[in-house]
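One structure below.
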């Protein structure tokens, strides 16, 4: 059972409240942690916060009973949003638990979500990059699909990066990302409920709090769902039906239309294409054969 989440502004939070801070994934963690005996404050994602938001956050932190945070570097966006900076505002009795930013490419080995410094614009339709389309824009060769071995290698590489980051994080998630169903990841960076529920169990245990995670009663991070390609499903032995289109806010979006829109955007953003192909060198290597 959920309590009513306390708004970030305008209402004083109840006693014993907690705060979850991070990117767009943090709200999903807050939802499954929230309960009448462990109320939470709904906080904007860090990339949307301004100076006034950060001031409000630091006003709340000394009264919070716990902070659950995805790691954020000091002075993120020029603001006091670093995990260490937030921790400094907690009371001595409050608990701080970190959990990772979840990225896993096992179900979407063709997909990347990345930001290039100095380019705030994102591609139209969906803010995800298909490396085959990116390679086409850069004049690089790329296969249309991967064999089973390469699918698993891409998955292994993404897990290895996640496990590297988990070495300095309190609660791990990498062992929960076996693609036993397509609901594990809706996109390369949007985990589904089969990840959030057991991950929240671990966070609650690390916080020393009793009770179970709160079932949200709906799919989390479900606004955007990437295509499910048959060769990926075959690689993992999944019986789900392939889906050749995106689903965005409940509407089917044709993949060819996305590719054409992105190619046009890439033509206007040569610096992004150059930086992205460098950043994604290892992933693109799988697609060159």
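Where a number appears in this text, it was derived from the coordinates with a stated rule and is not lab data. For clarity, every value in this text was computed on a predicted model and none was experimentally measured.
Kirkwood hydrodynamic radius of the range 39-169, from the reciprocal of the average inverse Cα-Cα distance over all distinct pairs: 17.7 Å. Multiplying the residue separation of residue 127 and residue 12 by 0.36 nm and subtracting their alpha-carbon distance yields 37.9 nm. Potential lengthening of the chain between residue 148 and residue 91 amounts to 15.5 nm, from the contour at 0.36 nm per residue minus the alpha-carbon distance. Available extension along the chain between residue 181 and residue 263 is 26.4 nm, counting 0.36 nm per residue and deducting the alpha carbon span.
Among 79, 233, 199, whose mean-square fluctuation peaks in a Gaussian network model of the chain (Cα, cutoff 10 Å)? Between 79, 233, 199, it is 79 that shows the largest mean-square fluctuation.
Considering every pair of different Cα atoms, what Kirkwood radius, in Å, is found for the range 149-289? Its Kirkwood hydrodynamic radius stands at 17.6 Å.
Of all DSSP beta bridges located in the chain, what percent are antiparallel, nearest 5? Here the antiparallel bridges make up roughly 50 percent for the chain. GNM on the chain, alpha-carbon springs under 10 angstrom: the most fluctuating residue among 245, 190, 144 is 144.
Centre-to-centre separation between the Cα atoms of the range 139-204 and those of the range 206-268: 13 Å.
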